[in-house]
Amino acid sequence: MPVDTKIRAALRRKNLDLPPKPRVLSIEAEDYVDWTGDEALRIWVVIDEDTTDAELQNGNAIIQLKRTIHDSLLNKGVKLYPYIFLTKPSEQVATDEEE
């Protein structure tokens, strides 16, 4: 299932009740095939560059963030499993340059 408008709508920040920390700058989705060969989604949550390690180690906030994204996808009828990764803009640039 290619990333479509239903998935994009489910991932709009203004529609999500995200925790205040870590501050989310954007959420991006791409098609993904997991190790079993099943179709899935790879979700990149781009967080503020100034996010501290303590904020990233706040398990409750990270669980809430991931649960909110997953629930929003389910509410829009998206049944693909979302593999959710957090990244900072500087990490994302480094990854883009390596490809």
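The values are calculated or read from the model by the stated rules, or taken from the named source; none is laboratory data. This one's a predicted model, so the numbers in the text were calculated from it and none came from an experiment. Neighbour counts are summed over all protein chains in view; Cβ atoms, including those assigned to glycine, are modelled from backbone coordinates with ideal geometry.
Tabulated data
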| quantity | calculated |
| --- | --- |
| Test for residue 61: is it surrounded by fewer than 16 Cβ atoms within 10 Å (Cβ to Cβ), assigned to a helix (DSSP H, G or I) and aliphatic (A, V, I, L, M) | no |
| Condition check for residue 71: acidic (Asp, Glu), without any contact (Cβ under 8 Å) to a residue 12 or more places away in the chain, surrounded by 13 or more Cβ atoms within 10 Å (Cβ to Cβ) and out of contact with any strand residue (DSSP E or B) (no Cβ under 9 Å at 6 or more places or on another chain) | yes |
| Any chance residue 84 is surrounded by 11 or more Cβ atoms within 10 Å (Cβ to Cβ) and either in contact (Cβ under 8 Å) with a residue 60 or more places away in the chain or within 18 Å of residue 5 (Cα to Cα) (or both) | no |
| Residue list for region 48-99, restricted to those being modelled with pLDDT of 90 or more, of a type in the set (A, V, I, L, M, F, W, C) and more than 10 Å from the chain's Cα centre (by Cα) | 61, 62, 63, 73, 74, 78, 80 |
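For every residue, the table says whether it meets (1) surrounded by 11 or more Cβ atoms within 10 Å (Cβ to Cβ); (2) under 18 Å from residue 72 (Cα atoms).
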| residue | (1), (2) |
| --- | --- |
| 16 | yes, yes |
| 19 | yes, yes |
| 22 | yes, no |
| 27 | yes, yes |
| 33 | no, no |
| 39 | yes, no |
| 47 | yes, no |
| 51 | yes, no |
| 56 | yes, no |
